[in-house]
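Scroll down for the structure; my scribbles are underneath it.
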Amino acid sequence: MAKPYHEPNVHDTETLRAVAHPIRSRILGLLRYEGPATASQLGRRLDESSGSTSYHLRQLARFGFVEEDPDQPNRRDKRWRATHLVTAWRRVEGADDPEWRQMSDALERRQLLKAVDQFQRWAASDKRFDPQWESGGGAFDYLLRLTPSQLRALDGELMAIFDRYRTAPPPAEPGETVRHVAVYQQLLPFDEVPL
């Protein structure tokens, strides 16, 4: 089972560089959200050769992000699973390393662009008007005035809530459908109110 996502799992530049590769990031996303898969299955989903996805899986395994699925029914076609729910690091750990900062910035920009793309696809979809889903969720923002220790406390509480909803959400009501729900968290300090 994948480990909780609130603890950093990247502590050095080599690991950050390895996981920052776009194909590896996409492989991890598929394994995390769709479950275990073989290199061939991932290759078809990503329009890559199985040789390419196999290579990237080996690199991810080298850095501890994937492992062979112990529950695979057929050992002939090696199935892989993610070992972490997210890729997490603390910018401050590599603040003195220009490559760490560059990789960290690139990954954060990619996350932001993915969030914008996902929001635009949602906004263009007729499914957003589904009455079952319209009563919850949405897009919103809050501005708070916090100290660094208060920000850490907020981050910890939010992560605990996300972890609880991932592992033991409240019971569904009869007839409800399940869909993926994207949650983007940005806890960014500003000196002035961003307008």
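The values are calculated or read from the model by the stated rules, or taken from the named source; none is laboratory data. In this text the structure is predicted, and so the values were computed from the model without any measurement. Neighbour counts are summed over all protein chains in view; Cβ atoms, including those assigned to glycine, are modelled from backbone coordinates with ideal geometry.
Listed values, structure above:
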quantity	calculated
Residue match in the range 127-137 (condition: under 28 Å from residue 8 (Cα atoms) and aromatic (Phe, Trp, Tyr))	no
Complete set of residues in the range 90-102 that are touching a Ser or Thr at 6+ places or on another chain (Cβ under 7 Å), of a type outside the set (D, E, K, R) and modelled with pLDDT of 85 or more	100
Lone qualifier among 141, 191 - being under 22 Å from the mean Cα position of the chain (by Cα), assigned to a loop (DSSP other than H, G, I, E, B) and of a type in the set (D, E, K, R)	141
Near pairs, Cβ below 7 angstrom, 6+ apart or cross-chain, from the range 91-117 (closer than 26 Å to residue 139 by Cα) to any residue that is of a type in the set (A, V, I, L, M, F, W, C)	104/16; 104/89; 106/20; 107/20
Residue 65 vs. criteria modelled with pLDDT of 90 or more and within 16 Å of the chain's Cα centre (by Cα)	yes
Number of positions in the range 144-188 that are at pLDDT below 90, in a loop (DSSP other than H, G, I, E, B) and either within 24 Å of residue 118 (Cα to Cα) or among the polar types (S, T, N, Q) (or both)	13
Test result for residue 124, surrounded by fewer than 11 Cβ atoms within 10 Å (Cβ to Cβ) and modelled with pLDDT under 90	yes
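Yes or no, residue by residue, for (1) surrounded by fewer than 19 Cβ atoms within 10 Å (Cβ to Cβ); (2) farther than 24 Å from residue 180 by Cα:
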{"residue": "15", "(1), (2)": "yes, yes"}
{"residue": "22", "(1), (2)": "yes, no"}
{"residue": "28", "(1), (2)": "no, no"}
{"residue": "39", "(1), (2)": "no, no"}
{"residue": "51", "(1), (2)": "yes, yes"}
{"residue": "63", "(1), (2)": "yes, yes"}
{"residue": "68", "(1), (2)": "yes, yes"}
